[in-house]
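Peer 1: Here it is, the structure, as structure tokens.
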Protein chains: 2
Amino acid sequence: MKSLDASTRDTILTLASAVFYQKGFSGARMQEIADLAGINKAMLHYYFKSKEQLFDMVFQQALGQFLGGIAQVLSGTAPLQTKIEQYVAYTTTALMETPALAAFIMHELQQHPERLSAQFSDRRIIDLTNFRQQLAATKPQYQEPNAAEHFFANMVSLCVYPVLAQPLLSPLMHKNEAKYRAFLRERTSHITQLLLRQL
Amino acid sequence: MKSLDASTRDTILTLASAVFYQKGFSGARMQEIADLAGINKAMLHYYFKSKEQLFDMVFQQALGQFLGGIAQVLSGTAPLQTKIEQYVAYTTTALMETPALAAFIMHELQQHPERLSAQFSDRRIIDLTNFRQQLAATKPQYQEPNAAEHFFANMVSLCVYPVLAQPLLSPLMHKNEAKYRAFLRERTSHITQLLLRQL
DNA sequence: CTTTGAATTAACCAACTGGTTAATTCATGA
DNA sequence: TCATGAATTAACCAGTTGGTTAATTCAAAG
């Protein structure tokens with residue numbers, strides 16, 4: 001039983017995301033997506049003219065979600081502390097819901113870095129100047145070249161990587177999935193404190 | 001012109017690594033690997049009976065390289081400071097030589113986490129106890145549950161992610177490849193200081 | 001020179017995969 | 001009720017891909 005025509009596209013998009021996230025573009029099969037959506041391949045091509053187009057929509061949406069948190073930190077007017085706290089909390093929570101998202105984006109971006117440009121041309125949100133100013137205002141040492149960039153890279157790394165590398169770190173720490181998830185939740189405050197201590 | 005039969009296998013393995021690293025298992029093509037090696041597909045299957053077998057060798061080797069640095073930190077007898085300094089320097093350097101390695105491992109591990117087990121059954125090197133003891137000896141607060149794990153996760157994240165996410169962070173920081181590489185090199189000391197400050 | 005086993009090649013194949021087509025059903029507004 | 005366009009299906013297709021086979025070349029040992 002299908003949902004209303006208008007929302008069918010969205011349903012497909014959601015199911016397709018799951019497949020693409022886990023298997024990547026080349027590993028994903030149109031047949032599998034169609035099966036998941038309970039339609040046949042022809043219907044899939046009726047809603048999305050090609051695998052590439054379907055993938056592009058999934059990828060751009062995923063990238064938007066991923067960059068959303070960053071944009072807020074880089075351009076918002078809130079105090080630096082607040083922005084950092086919000087980013088750490090939001091990113092951890094969001095990524096934990098779709099653990100394969102980060103690995104998917106990195107893997108696809110590795111092969112086709114140009115796919116990023118679509119997100120950069122439009123939105124001007126992606127700019128470090130505002131962030132650097134706020135940092136420098138808090139502590140003068142952040143005026144030095146690359147100091148703000150290092151802080152930013154630290155923040156993102158500390159949040160994203162442990163989620164992305166769960167299949168590696170979880171066995172390494174002898175934690176089952178539940179325990180590792182608890183560990184990740186615990187990290188939110190750990191990371192926040194570590195970062196704020198640098199200000 | 002081919003190299004000596006014995007080393008041909010290694011040549012293929014190296015070339016295949018490059019392809020697998022960039023395109024993953026499902027994106028890689030036996031034909032492309034054969035072309036790179038200057039042989040035809042039949043020869044490729046002569047040396048490696050299947051794509052899966054060739055991939056397994058590549059993957060296990062990649063994983064070994066990736067875990068090599070970690071093992072040293074976790075089990076060596078050197079002082080903690082030295083081990084940290086060595087890990088940061090080694091990891092950054094090693095990953096920068098094959099930037100696609102980390103994304104490759106994460107992506108494949110996401111789909112087949114069981115591929116990790118091969119590395120874990122044999123070597124007992126992968127154990128945090130030694131590391132935790134050294135940490136606790138330096139600062140008692142690291143006796144608390146998960147404290148050592150957080151430190152470890154921080155260390156790995158700070159080193160690996162900025163290399164892995166180069167296609168994302170490089171444009172975001174308005175750095176070309178050369179400048180971003182310089183930034184990564186600069187991070188070696190930045191990360192080391194940050195970590196040692198936590199002791 | 002000949003034997004023998006490894007190295008190499010060209011041709012081939014079956015399965016898979018993205019995509020198409022033409023015909024059919026369904027819903028709805030006139 | 002009928003006309004119209006969207007939704008859906010089954011069958012099909014051409015290109016790709018991993019893998020095989022049988023025949024051939026090559027190199028070294030006897």
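Peer 1: What average number of partner chain Cβ atoms lie no more than 10 Å from the Cβ of the residues making up A:168-181?
Peer 2: On the way: counts 12, 5, 2, 6, 12, 7, 4, 2, 0, 0, 0, 1, 1, 0.
Average neighbour count from other chains, rounded to a whole number: 4.
Peer 1: Another question, then. Relative to the compact-globule scaling 2.2 N^0.38 Å, provide the ratio for the alpha-carbon radius of gyration of the protein assembly as shown. List each step's numbers first, then the result.
Peer 2: Working: Rg = 22.1 Å, N = 398, 2.2 N^0.38 = 21.4 Å.
For the protein assembly as shown, the normalised Cα radius of gyration comes out at 1.03.
Peer 1: Let me ask something else about it. Between the alpha-carbon centers of region A:33-70 and region B:23-99, tell me the distance in whole angstrom.
Peer 2: First find each Cα centre; the distance between them is then 32 Å.
Peer 1: Using only Cα atoms, tell me the angle between helix A:100-111 and the longest principal axis of chain A; keep it within 0 to 90° and round to the nearest 10.
Peer 2: In chain A, helix A:100-111 runs at an angle near 90 degrees to the longest axis.
Peer 1: If you count, for every residue in B:108-119, the Cβ atoms of partner chains within 10 Å of its Cβ, what is the mean?
Peer 2: That works out to 4 on average.
Peer 1: Taking a label point 7 Å from Cα toward Cβ, how far is B:Q72 from its twins in the other copies, in nm, shortest first?
Peer 2: So the label point of B:Q72 gives 4.0 nm to the other copies.
Peer 1: Something else about it: Residues of A:147-157, mean number of Cβ from any other protein chain within 10 Å of their own Cβ, rounded to a whole number?
Peer 2: 6
Peer 1: Any idea which of B:Y90, A:T14, B:N176 is furthest toward the positive side of the dipole for the protein assembly as shown, if Lys and Arg beta-carbons carry +1 and Asp and Glu beta-carbons -1?
Peer 2: B:Y90
Peer 1: Moving on to the next point. In nm, what does the list of distances from B:H112 to its counterparts in the other copies look like, shortest first, when each label sits 7 Å along Cα to Cβ?
Peer 2: Result for B:H112, in nm, nearest copy first: 2.5.
Peer 1: With +1 on each Lys and Arg Cβ and -1 on each Asp and Glu Cβ, and nothing else charged, work out how big the dipole of region B:58-196 is about its Cα centre, in Debye to the nearest 20.
Peer 2: Dipole about the Cα centre, nearest 20: 280 debye.
Peer 1: Taking the alpha-carbon set of region A:1-49, what are its Rg and Dmax in Å?
Peer 2: 10.2, 30
Peer 1: Between A:Q141 and A:A78, with labels modelled 7 Å along Cα→Cβ, what's the label distance in nm to one decimal, could you check?
Peer 2: Distance between label points: 2.6 nm.
Peer 1: If the label for B:A182 sits 7 angstrom from Cα along the Cα-to-Cβ line, what are its distances to the same label in every other copy, in nm to one decimal, shortest first?
Peer 2: 4.8
Peer 1: Let me ask something else about it. Quick one: Debye curve from the alpha-carbon atoms of region A:62-196 only, equal weights, vacuum; give me log10 I(q)/I(0) at q = 0.12, 0.15, 0.17, 0.19 Å⁻¹ to two decimals.
Peer 2: Here the Debye-derived log intensity ratios amount to -0.52, -0.80, -0.99, -1.18.
Peer 1: In addition: Show me the ranking of peptides A:171-181, A:85-95 by mean Cβ neighbours inside 10 Å, starting with the highest.
Peer 2: On the way: A:171-181: 14.7, A:85-95: 19.2.
Ranked from most to least packed, the peptides come out as A:85-95, A:171-181.
Peer 1: If you don't mind, another one. If you take the beta carbon distance between B:A118 and B:K49 as r and set R0 to 22 Å, what does 1/(1 + (r/R0)^6) give as a FRET efficiency, to the nearest 0.05?
Peer 2: After rounding to 0.05, the efficiency reads 0.75.
Peer 1: At 222 nm, what value in deg cm²/dmol follows for the protein assembly as shown if DSSP H runs of at least 4 each add -39500 (n - 2.57) and the sum is divided by all its residues, to the nearest 500?
Peer 2: -25000 deg cm²/dmol
Peer 1: Additional query: Helix B:147-164 versus the longest principal axis of chain B: what is the Cα-based angle in degrees, 0 to 90, to the nearest 10?
Peer 2: In chain B, helix B:147-164 runs at an angle near 40 degrees to the longest axis.
Each value in this text was obtained by applying a stated rule to the coordinates, not by laboratory testing. It should be emphasised that the depicted structure is a prediction, and the values quoted were computed from it without experimental measurement. In this analysis, Cβ positions are derived from the backbone assuming ideal geometry, glycine residues included, and neighbour counts consider all displayed protein chains.
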